[in-house]
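J.: Okay, here's the structure, questions in a sec.
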Amino acid sequence: MSRFALPSGHNVARPRLSYLASPMQGTVIAAALGAAIALPFFVGEFWVHVANEILILGLFAMSFNLIYGYMGQISFGHAAFFGVGAYTTAIIIRAPLAETGQIGWGIFLAAILAAPIVSALVAAIVGWFCVRLTGIYFAILTLSFGELLYYIVFQWYSFTGGDDGIQGLRPPAVLMATEGYYYFSLILVAVAAMVVWTITRSPFGYVLRAMRDNQRRAAFLGINVRVHQWANFVIAGAFAGFAGALWGPFGRSVAPGLLGWQKSGEAVFAALIGGANYLLGPMLGAGVFTFLHAFVTKYTEYWPLTIGVVILLLVLFLPGGILSLVPKAWWTRRGASADVPERTKEPVPKS
Amino acid sequence: MEFGFDFVFPQLMAGISRGMLLFLVAAGLSLIFGVMNILNFAHATFWLLGGYIAYSAFTAFGPPSGANPLLVIPATAVAVAALMLLGFGLERVLIRRMYGREVPEQLLLTFALVLIIGDLIKLVWGVEDRSVFLGLPPAVIFGAFINIYYLVIIAVGLAVLAGLYWFLQRTRFGRIVRAAVHSREMVEALGIRIATIYMVVFGLGVGLAALAGGVVLPLTPLALGADIDLIVQCFAVVVVGGFGSVIGTFVAAILIGVTYSFAIFLWPDGALAIIFLFVIAVLVVRPWGLFGTELRT
């Protein structure tokens, strides 16, 4: 880890790894978790299904936000790692399912855990090229890699099933029930979110913010910008893959669209709707997005028009996302700084 | 498959005309980004809307099939005029609020426009594909049969390239636009109303997209969602050429158009994948595109 630590000679206080930075945050998180646990007792199966979707999409959006909110680069190809994860799990459990029609817990969990590893490997290759660029060039390069992977999956019939995707991905019996899979997702997503939180509050997480606010200054401090960005890209890819792993057995199928840029767009929406400056902003945004989708498509086929108007209004009138409505002081102990300091608008010297 | 001249030449012409279409749309995209630093995700949606308006104008003047081919000209003119007005209006009401915002927020706002305009097109024109048929005879050039309309599109593309070059290099307004690329503040300090410049540039860029929409109408049917395919390719063009460079955009558009037109024969479903491979190769070797410089990020 010494590679990722701040250079010696700079006496930087290590941020406390406290999970409850303020009583307020603790209360909010406990309330949210409690509500999530209690949910299946109060609503019908349909909304439990929607909530499950929110959890998975939310984790995916949180992984995207490691690159966007914390590192300050926008990726349009992040769904590639989500899709690679989903396909990894699907391909591993496909064979035993085809033979017996059932899947054991051991191989199922192994398939879930293999997904982030494969996604991280793919992200390591893609990221190696992408972190050399910034801004719109970074965005287009990630988009290009994502679309390339999409077409590979789309065309490789013998291995991925091509545009048919892979169907019949049944989880173990206990998880076949909507509630069962929901609690399974809730546990895994909660653990993953906690790990993400730990990462963002580590010295590594603060290096990410330093690079976001002023890449050149970070480099002057002796931070190896590319190595840190690359490491973060790989980490973000791994969490996207983990979210993807949950997706296949949840929907019982995978399709190439999981890798497409529209899916990447959902992560961007979620982060911006909820608030990219907050750890749980993307999760909240995913909730709003998915809930709106489930709600609106019940009444009208003009879903794009609806979400378009919502996004338009949000960008114009609430640029920091929904969580920016909450006063800063609520999040922090007396006088302490906010958990995720907002990006500062410093003049960047021109070359 | 024979890779003789009879195959290569028509394919090359198809590729070049496709490149011209990409250029017409990407030029506006590049101009708007270069001058206003706004990344307009909705640019190809304006192209599609222009196409639908041109279709409605065309069918108002005559039948969709077998009408006088020259009707394309007034139909395109109507689309360009309508979209320029829309562009001016949108710049005044929406885009103006986005100056100085972060790139992702601009993308999000313009992507919202993609969703809204796309659905409005669906509301007005329905889900059926729309096309006009001119019934022009093919031209025989060097013994190969060429769709004569390719030549029209190539001529329009070259005319726009020349026109843009003349406008930016030789006119007073063009000089102001180029100055605004480098320093908005200085242009403002010299007493030039930058707000008007921005509005005109945005309207002009959108008008170029509408021009492409009208001109391409007799060649490819209009379909919902076609804008999404095109905008992704236009971003590829602009990035490969280098943002803000008209010549770069032109060269990249032709390169990508021709690559696509041959790739679609080698790998029909994966032609776009080859385009993305091309973009990756260029960006890895030349991070600012073929003709671009590290101006603003």
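J.: Using only Cα atoms, find the angle between the long axis of helix A:281-299 and the longest principal axis of chain A, and express it within 0 to 90 degrees, rounded to the nearest 10.
T.: So the helix axis and the longest Cα principal axis differ by about 40 degrees.
J.: In vacuum, with every alpha carbon of the protein assembly as shown counted as one equal point scatterer, what does the Debye formula give for log10 I(q)/I(0) at q = 0.08, 0.09 Å⁻¹? Two decimals, please.
T.: After summing over all Cα pairs, the log10 values are -0.62, -0.79.
J.: Sticking with this structure for a sec: With each run of n ≥ 4 DSSP H residues scored as -39500 (n - 2.57), what mean residue ellipticity at 222 nm is computed for chain A after dividing by its residue count and rounding to the nearest 500 deg cm²/dmol?
T.: -22500 deg cm²/dmol
J.: Another question about this same structure. Quick check: the angle from helix B:194-215's long axis to the longest principal axis of chain B, C-alpha only, nearest 10 degrees?
T.: Result, in degrees: 10.
J.: Restricting attention to the range B:71-174, which trypsin sites (Lys or Arg not before Pro) occupy a DSSP loop and are surrounded by at most 13 other Cβ atoms within 10 Å?
T.: none
J.: Would you mind ranking B:L190, B:L204 by Cβ crowding within 10 Å, fewest neighbours first?
T.: Working: B:L190 11, B:L204 21.
Sorted ascending by nearby Cβ count, the order is B:L190, B:L204.
J.: Give me the angle, in degrees from 0 to 90, between the Cα long axis of helix B:246-266 and the longest principal axis of the Cα atoms of chain B, rounded to the nearest 10.
T.: The helix B:246-266 is inclined about 30 degrees to chain B.
J.: Set the Förster distance to 45 Å, then compute FRET efficiency between A:F42 and A:Y157 from the Cβ-Cβ distance, nearest 0.05.
T.: Given R0 = 45 Å and the Cβ-Cβ separation, E is 0.50.
J.: Sticking with this structure for a sec: Ratio of Rg to Rh for chain B, alpha carbon only, Kirkwood? It would help to have the intermediate numbers written out before the result.
T.: Numbers: Rg = 19.1 Å, Rh = 19.7 Å.
Looking at chain B, the ratio lands at 0.97.
J.: Find the Cα radius of gyration of chain A, compare it with 2.2 N^0.38 Å by division, and give the number to two decimals.
T.: Values: Rg = 20.2 Å, N = 351, 2.2 N^0.38 = 20.4 Å.
Relative to the 2.2 N^0.38 Å estimate, chain A comes out at 0.99.
J.: With 10 angstrom as the radius, rank B:E188, A:E53 by how many other C-beta atoms surround their C-beta, starting from the fewest.
T.: On the way: B:E188 14, A:E53 22.
Sorted ascending by nearby Cβ count, the order is B:E188, A:E53.
J.: If each DSSP helix of 4+ residues adds -39,500 (n - 2.57) and the sum is divided by the residues in chain B, what number results at 222 nm, nearest 500 deg cm²/dmol?
T.: Taken over chain B, the calculation gives -24000 deg cm²/dmol.
Throughout, read-outs are computed from the coordinates displayed, never taken from laboratory work. Everything numeric here is computed off the predicted structure, so don't read it as measured data. Don't worry about glycine lacking a Cβ; one is built from the backbone with ideal geometry, like all the others, and counts go over all protein chains shown.
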